[in-house]
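Written out below as structure tokens is the structure these notes cover.
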């Protein structure tokens, strides 16, 4: 990779996680310039959340929430849970969203 390309990539602040361990969430993409978080769910639906700060993205990526229900994902209180973090930090947090998006 040439030095000029490395310099350009250094300033690129888009984070993509293709290795999400979740029964609900398949992939995440967060853009630090727009503060948009795109989530691809296991059913291949995409949602884009607006105004998501980096700390919230990190909490979701790390699954910093416990489940409130039991199911195939595990017992009540399973921790960490990416799906529970999406619900707690984005949905209960009142972030604006729209259907669709791309990763």
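Since every read-out is calculated from the coordinates, none of them should be taken as a lab result. What you see is a predicted model; the values in this text were computed from it and never measured. Cβ atoms come from the backbone with ideal geometry, glycine included; neighbour counts cover every protein chain shown.
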What spacing in nm lies between the two simple spin-label points modelled at residue 23 and residue 79, each 7 Å away from Cα in the Cβ direction? 1.9 nm
As a footprinting exposure proxy, order 54, 61 by other Cβ within 10 Å, with the fewest listed first. 54, 61
Point-to-point label distance, residue 15-residue 35, nm (Cα→Cβ direction, 7 Å offset): 1.5 nm
